[in-house]
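Below you'll find the structure, written out as structure tokens, and then a few comments.
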Amino acid sequence: MSDALKDIYTTEFIHDFGEMVRAAYPSFPAEAFVKAVLTPPWDEMPLRTRMHRIVESLGEQLPPRYEEALEVLFSLEESCSGFPYLFFPDFVSTYGLSEEHWELSMRALERFTQRSSSEFAIRPFILKNPERVMNQMLEWSLHPNEHVRRLSSEGCRPRLPWSISLPLFKQDPSPVLDVLERLKADSSLYVRKSVANNLNDIAKDHPDVVLTTAQKWIGHHPHTDWILRQGCRTLIRKAIPEALMLFGYTVTEPGKSLVQSAILTVQPEQLRVGDSCELQYSLDIDREAPTQIRVEYGIDFIKGSGKASRKLFLLSDRTVSGKAHLTGTRTHSFANLTTRKHYPGLHRIVLLINGQEAAHTMVDLQEKT
């Protein structure tokens, strides 16, 4: 979750929210709340830490009884929708995790997710009592509101980004698949995207389980087919033959190639960190019938340890005639990103057709001057 998002919590936002709470709960000390939230090192805090600071400060100033504190937040929920108010469900996971508050906390998460999202807040409950929460997820998967149905999938993703992982579902995803079974043809694209991402999470630990699921589900509904195509994307990128064949990609016999010839060049061949290069490729498909192909290039990035790690980039994904000649160019930047730092060295670049290497070249990346 980008740290730049932390800037949504401006001093003005915190002050206005404090006044909003005071309007609903007159004894709320808004000035003390604002001061507590903005106490150093507020400026250095990342997004999630800022959210937790807001939650803790609310907990100090709202009524001490959890039930009464929630009533104040319930009275504000219609005016507090969207990403900035993720701290509403976080309040629930911070103060409502005990057994005595279980039912109330589940109702609160169900309410708050309809205007924000409870996908992060539900996870401590899963870790504490997975069977009970997953039964709740099964109920939510049939809820009339799409945001609640999405929660039933998004909240139990084994590898949900920017959140605590769920090792139990990395080991055994069957409780998650029981929920996804109910959502596999959901009418909401918002829900379907979550189901696809959940399947893709599972595929990273249990590719065979996802392939078996896909083979069982495919062809029954267009919504389901879309979910499966997105949910199997990691398996397709890894060029697992069963996944490629399931989605219509041509898979050749061992020792044979889809392409008759292929060329990949890079200009310039030597550049510095921060520069860009232009990749040019051409290839000839050697087939009699139309062929579904996925054309990618991969770069073996040099890491700080000196080892290489490959990253793939999609160039084309389409059906071509059996004797097609394809060409194209792509500009690639070696500028540093928040998610990737570049290190000097020889970088191997490969052209891949349905996962098979068809051509390669090298680029010499040097330190930025």
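Structure notes:
- Binned Cα-Cα distance frequencies in the chain - 20 Å width, integer %: 24, 44, 28, 4
- In Å, descending, principal axis extents of the Cα set of region 3-91: 32, 25, 21
- Förster-model FRET efficiency, 25 Å R0, Q230 and Q260, C-beta, rounded to 0.05: 0.20
- Region 152-232: translational diffusion in µm²/s, Stokes-Einstein, Kirkwood Rh over Cα pairs, 4 °C, 1.567 mPa s: 105 µm²/s
- Net charge in the neighbourhood of R272 (other residues with Cβ under 12 Å of its Cβ; Lys, Arg +1, Asp, Glu -1) is -2.
- Extended-chain gain in nm, criterion 0.36 nm per residue less alpha-carbon gap, T94 and D208: 37.4 nm
- Every Cα-Cα pair in region 289-345 was counted, and those over 20 Å apart are 42% of them.
- Proximal charge balance of T319 [Cβ under 12 Å; K/R count +1, D/E count -1]: +2
- Here the Debye sum runs over all C-alpha atoms of region 71-131 as equal scatterers in vacuum, and log10 of I(q)/I(0) at q = 0.15 Å⁻¹ comes out as -0.39.
- Between T331, T319, T213, the residue with the greatest mean-square fluctuation in the GNM of the chain (Cα pairs under 10 Å linked by springs) is T331.
- Principal-axis tilt of helix 66-76 within the chain, Cα atoms, nearest 10 degrees: 70 degrees
- Across region 124-265, the convex hull enclosing all Cα atoms gives 141 Å³ per residue.
- Between 0 and 90°, nearest 10: helix 207-217 axis offset from the chain longest Cα axis: 90 degrees
- In region 227-369, one over the average inverse separation of all distinct C-alpha pairs is 16.2 Å, which is the Kirkwood hydrodynamic radius.
- Between T369 and H101, full extension at 0.36 nm per residue minus the direct alpha carbon distance yields a gain of 90.6 nm.
- Phi to ³J(HN,Hα) by Karplus 6.51 cos²θ - 1.76 cosθ + 1.60 over region 20-36, Hz, x for Gly, Pro: 5, 5, 4, 5, 8, 9, x, 7, 5, x, 4, 5, 5, 4, 4, 4, 5
- Ordered by the number of other Cβ atoms lying within 10 Å of each residue's own Cβ, fewest first, E357, E288 fall into the sequence E288, E357.
- Axis of helix 174-183 versus longest Cα principal axis of the chain: the two differ by about 90°, to the nearest ten degrees.
- At most 10 other Cβ within 10 Å, DSSP loop - trypsin sites (Lys or Arg not before Pro), region 182-265: K256
- Projected-area average for region 16-55 over all orientations - Cα convex hull basis, square nanometres: 2.8 nm²
- Above-threshold pairs, the threshold being 19 Å between Cα atoms, out of K303/K341; K6/K170; K303/K368; K170/K204: K6/K170
Computed from the coordinates by the stated procedures, all read-outs in this text should not be read as laboratory data. Model, not experiment: these values are computed from the prediction. Cβ atoms come from the backbone with ideal geometry, glycine included; neighbour counts cover every protein chain shown.
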